[in-house]
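No lab work stands behind these numbers, since they all come straight from the coordinates. Everything quoted here is computed from the prediction, not taken from an experiment. Cβ: placed from backbone, ideal geometry, glycine included. Neighbour counts: every protein chain shown.
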Amino acid sequence: MSTFDVAIIGGGAIGASIAFELAEAKLRTVVLDRQQPGREASWAAAGMLSPAPHVPEDALLTPLGNESLRIYPDFIARIEGASDAATNFERKGSLELFFTGAAESDRDRLVAQNARLGVRCEAVSLERARELERSMNPGARAAMWFPEEATVEPRLLMDALLTAAQRRGVEIRANCAVTNLICAGDRCGGVIAGSERIRAIHVIVAAGCFSQAIAENVVGGSGVPARYAPTHPVCGQMIALQSREVKLGRVLRSKGRYVVPRHDGRIVAGSTLENSGFKKNVNEDGVREIFESARELVPELAGAEVVETWAGLRPGTPDGLPILGPTDVEGLLIATGHYRNGILLAPITAKLVRDWIITGKTDFDASRFSPMRFVRGTARVNASKVALEKL
């Protein structure tokens, strides 16, 4: 029987970031992933680091995103230093474009909302926007500039995270599905993976959209609440474009769609939102829809070649917020449900979990994300929408 200080279920950006932080704190840590680590939502992500609320449900999440973006440069420096690998982290800012007849008023309203949420942004003239990104659609009617937003290449980030964690002593086990938690009364003391029992002082469920199945399977528990992590999969299709004519310099987005430049010249565009269970199929309708949205942002992409298509499963939650923190079962923590923001929120999530484990408290108030909101029945669907409407 293996014994560790911490067992982390899930090896995506969240699980791997937590493992790295805990290993830096000299805790013996194992990461257990049902497939190859980092090959689900993290691998499929675009890599935009944007805490701005792109839909009303994001409003309560913005302070957490702001804090994560603030610590991102240090996080990247430590990961790249430990792994000797590049993540292509860049802070070039982002432009949001508006095309409707009410473009300027819509833009000004969002600028004011973002300012109240602590997100630095500004209304810019179309002339200034074209100076920042010459490939943007000249038919845009208004533009908003986010100077502090950044990007990272998620697949490179995952490679660097896993290498950095391993070099710090983390044991990473691929194709090692956890089927049960081992609990006795109000204490969780490990997991079962296949035929093996793995003992751990702390168990962290960070399995993305697969977290609910883990949290429901408890061995030896007595009255232990089962639904700490009510996640569900939301499929997102993505495409990568190659164009000789377009040299995209920074992120462009509009109405939930976006184009993101890569260092190799490719342009990543996305994404769909599909409640199709655990299926992650790429289909012609999805690819066409994303391609048309990319053309609206950058008309010269009409002649671009689609060089890659893929899909991933994001971990959604009933109220649209991540699930972070200790449970009322000693030794059991949850870090999941980041939905479209797993790459952005990886640094702050890792820091919070490290603090909970080492000191039992955090500097950042993360109480609204507690898994106990579901056990106590205090979670409110669309609570963040109400908050944003009050701004």
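So if the hydrodynamic radius of the chain is defined as the Kirkwood radius over C-alpha pairs, what does Stokes-Einstein give as its diffusion coefficient at 20 °C and 1.002 mPa s, in µm² per second?
Numbers: Rh = 21.4 Å.
Calculated translational D: 100 µm²/s.
Please compute the Kirkwood hydrodynamic radius over segment 227-362, one decimal place, Å, based on all pairs of different Cα atoms. It is 16.9 Å. With the simple spin-label model, which puts each label point 7 Å out from Cα in the Cβ direction, the Ala302 to Glu90 separation comes to 2.7 nm.
Treat the count of other C-beta atoms within 10 Å as a stand-in for reagent exposure and order Val260, Val55 from fewest to most. Numbers along the way, then the final one.
Details: Val260 23, Val55 13.
Ascending Cβ contact count within 10 Å gives the list Val55, Val260.
Packing-based ranking of 234-243, 299-308, 202-211 yields 202-211, 234-243, 299-308, ordered from highest to lowest mean Cβ neighbour count within 10 Å. Cβ under 13 Å from Asn137's Cβ, Asn137 left aside: what net charge do those residues give with Lys, Arg +1 and Asp, Glu -1? Residues near Asn137 contribute +2 overall. Legend: residue pairs Lys255/Lys279; Lys255/Lys280; Lys279/Lys361; Lys26/Lys361, Cα-Cα distance threshold 29 Å; pairs beyond threshold, Lys279/Lys361.
Here the translational diffusion coefficient of segment 1-130 follows from Stokes-Einstein with Rh set to the Kirkwood radius across Cα pairs; for 37 °C and 0.692 mPa s it amounts to 185 µm²/s.
Across Ala45, Ala85, Ala25, mean-square fluctuation computed from a Gaussian network of the chain (C-alpha pairs under 10 Å connected) peaks at Ala25. Summing +1 for each Lys or Arg and -1 for each Asp or Glu among the other residues whose beta-carbon sits under 10 angstrom from that of Val191 gives +1. Annotation for segment 45-92 versus segment 286-354: alpha-carbon center distance of 12 Å.
Calculate for the chain the 222 nm mean residue ellipticity that helices alone would give, adding -39,500 (n - 2.57) per DSSP H run of length 4 or more and normalising by residue count, nearest 500 deg cm²/dmol. Don't skip to the answer; put the middle values down first.
Values: 11 runs with 121 residues, N = 391.
It comes out at -9500 deg cm²/dmol, rounded to the nearest 500.
Using alpha carbons only, what's the Rg to Rh ratio of segment 94-147 with Rh from Kirkwood? Walk me through the intermediate numbers first.
Values: Rg = 10.6 Å, Rh = 11.1 Å.
Result: Rg/Rh = 0.96.
Placing a pseudo-label 7 Å from each Cα along the Cα-to-Cβ vector at Gln35 and Arg167 gives an inter-label distance of 2.8 nm.
So for segment 64-212, considering every pair of alpha-carbon atoms, how many percent are separated by more than 20 Å? Provide the component values of the computation, followed by the final result.
Numbers: 7365 of 11026 pairs.
Roughly 67 percent, rounded to a whole number.
Spread over its residues, the convex hull of the C-alpha atoms of segment 126-249 is 207 Å³ per residue.
Of the residues Ala346, Ala177, Ala102, the one that moves most in a GNM of the chain with alpha-carbon contacts below 10 Å is Ala102.
Ordering Arg109, Arg340 from the fewest to the most neighbouring beta carbons within 10 Å gives Arg109, Arg340. Projecting each Cα onto the charge dipole of segment 232-316 (Lys/Arg +1, Asp/Glu -1 at the beta carbon, about the Cα centre), which of Asn283, Val307, Leu273 comes out farthest on the positive side? So the residue furthest toward the plus end is Leu273. All alpha carbon pair distances within segment 130-203 were sorted into 5 Å bins beginning at 0; the resulting P(r) in whole percents reads 3, 10, 12, 12, 11, 10, 8, 7, 6, 7, 7, 5, 1. Under 5 Å from the amide H of Gly12 lie the amide H atoms of Gly38, each residue being 5 or more positions distant or on a separate chain, with H modelled from the backbone and absent for Pro and chain starts.
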